[in-house]
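Comments concern the structure below.
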Amino acid sequence: MIQGTECRTLLEKYYKERKPARFVEKLRFSGVGNKDVYNITAPFHDEGKMIIAGRVESRDSEVSVTTFFEKKDGVWRLMKDMPAFPLQDPFMTRIDGLLVLGGVHVYRKDSGETTWRTELYKGKTVKTLEPFFNGPEGMKDLRLAQMPDGIILVLTRPQGEKGGRGKIGFFLIPGLNDLTVKMIEDAPMLEGHFAEGEWGGANDIHPLKNGHAGILGHVACFDEKGDRHYYPMVFTLDPQTGNYTPVEIIATRADFIDGPAKRPDLKDIVFSGGGIRGNSQFVLYAGTSDTEAQRMVIEDPFEKYDK
């Protein structure tokens with residue numbers, strides 16, 4: 001039994017209207033010993049190679065690094081000549097011709113308390129990435145994308161007094177150098193997306209032909225036992241007006257291949273890493289149950305908005 005009105009309603013709609021996945025597979029990784037690789041990015045080009053970034057950690061730990069893999073003979077192999085970053089849940093985008101890598105850095109404050117923030121790196125290639133911005137303390141799921149007109153859309157996810165368990169905010173900036181913590185903290189919210197006690201965040205931004213942004217993200221809730229449930233979802237946003245479409249769930253954990261979970265309360269987790277659109281299809285790259293990475297080919301959920 002899922003608690004919360006939004007998740008329940010969205011699931012009912014999904015089960016009623018869903019179409020079967022066209023293809024599903026687990027991604028295989030090598031070069032990391034017995035560690036797990038999950039919460040991956042979609043593949044991207046770097047120095048003539050198609051590579052992927054993933055969160056690497058031991059099954060009994062949340063101490064993570066983000067490393068890079070290249071696919072050879074059906075296996076994503078660790079690129080030993082690439083840097084590693086102390087980040088969870090990596091994401092990658094391109095802005096003004098530069099690669100921008102982001103992820104969540106978990107660290108201890110001087111008081112000894114553990115906290116986290118989104119950290120951003122930029123460079124012409126992965127090997128030249130340098131840190132350039134730290135988001136507000138306690139905020140995950142900060143995302144950026146350059147729209148066709150050159151403006152940069154920034155999505156936020158405050159928690160606490162402003163965002164509850166986690167809601168999405170947005171604003172526009174002309175360039176990366178204009179990004180500030182105050183802008184992030186002051187960003188207006190997309191009100192009404194997540195029910196009280198539930199939460200969500202953006203994971204990947206896809207500029208659409210109509211000038212709007214297609215947002216791939218997640219919506220999540222607890223059940224009565226305290227177990228977590230994460231679902232990949234999409235919606236669209238007009239960056240100029242702030243108008244947005246309703247959230248739609250596009251997959252559930254049961255649509256992917258079964259596998260182990262990091263903890264029993266994380267069994268029903270799908271964390272959207274990124275997606276690739278083409279030929280009326282959407283290839284969703286995701287982490288499952290905080291242990292594995294999978295990809296699923298589905299009907300493109302943004303195509304109807306492009307039209």
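We did not get these values from a lab; they are worked out from the coordinates using the rules stated. Since the structure is predicted, the reported quantities are computational estimates derived from the model, not experimental observations. Quick reminder, even Gly has a Cβ in these numbers, built from the backbone with ideal geometry, and neighbours come from all protein chains shown.
The listed residues are 219, 234, and the only one of them that is among the aliphatic types (A, V, I, L, M) and either assigned to a loop (DSSP other than H, G, I, E, B) or touching a helix residue (DSSP H, G or I) at 6+ places or on another chain (Cβ under 9 Å) (or both) turns out to be 219. Number of residues in region 25-46 that are surrounded by 14 or more Cβ atoms within 10 Å (Cβ to Cβ), over 19 Å from the mean Cα position of the chain (by Cα) and farther than 30 Å from residue 115 by Cβ: the value is 3.
Considering every residue within region 282-290, establish whether at least one is of a type in the set (Val, Ile, Thr), surrounded by 21 or more Cβ atoms within 10 Å (Cβ to Cβ), touching a Pro at 6+ places or on another chain (Cβ under 8 Å) and within 24 Å of residue 76 (Cβ to Cβ). Among the residues of region 282-290, not one is of a type in the set (Val, Ile, Thr), surrounded by 21 or more Cβ atoms within 10 Å (Cβ to Cβ), touching a Pro at 6+ places or on another chain (Cβ under 8 Å) and within 24 Å of residue 76 (Cβ to Cβ), which makes the answer no.
Yes/no matrix, rows are residues, columns are (1) out of contact with any strand residue (DSSP E or B) (no Cβ under 8 Å at 6 or more places or on another chain); (2) touching a residue at least 60 places away in the same chain (Cβ under 8 Å); (3) crowded, with 20+ Cβ neighbours inside 10 Å; (4) in a strand (DSSP E or B):
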| site | (1), (2), (3), (4) |
| --- | --- |
| 80 | yes, no, no, no |
| 89 | no, yes, yes, yes |
| 92 | no, yes, yes, yes |
| 101 | no, no, yes, yes |
| 104 | no, no, yes, yes |
| 112 | yes, no, no, no |
| 115 | no, no, no, yes |
| 118 | no, no, yes, yes |
| 121 | no, no, yes, yes |
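Looking at 185, 191, just one residue is out of contact with any Pro (no Cβ under 9 Å at 6 or more places or on another chain) and not hydrophobic (A, V, I, L, M, F, W, C), and that residue is 191.
Screening region 123-139 for residues that are assigned to a strand (DSSP E or B) and among the hydrophobic types (A, V, I, L, M, F, W, C) and picking the one that is farthest from residue 240 (Cα to Cα) gives 132.
Evaluated against (1) under 30 Å from residue 134 (Cβ atoms); (2) outside any strand (DSSP E or B); (3) under 21 Å from the mean Cα position of the chain (by Cα), residue 10 falls short on exactly one condition, (1). Within region 260-274, being of a type in the set (Gly, Ala, Ser) and either assigned to a strand (DSSP E or B) or touching a residue at least 40 places away in the same chain (Cβ under 8 Å) (or both) holds for 272, 273, 274.
Restricting attention to region 47-57, the residues that are loosely packed, with under 14 Cβ neighbours inside 10 Å and either part of a loop (DSSP other than H, G, I, E, B) or acidic (Asp, Glu) (or both) total 2. Could you please let me know if residue 191 is under 19 Å from the mean Cα position of the chain (by Cα), surrounded by fewer than 21 Cβ atoms within 10 Å (Cβ to Cβ), among the acidic types (Asp, Glu) and assigned to a loop (DSSP other than H, G, I, E, B)? Answer is no for this residue. Restricting attention to region 140-171 and to residues that are part of a strand (DSSP E or B) and not aliphatic (A, V, I, L, M), the residue that is nearest to residue 220 (Cα to Cα) turns out to be 164.
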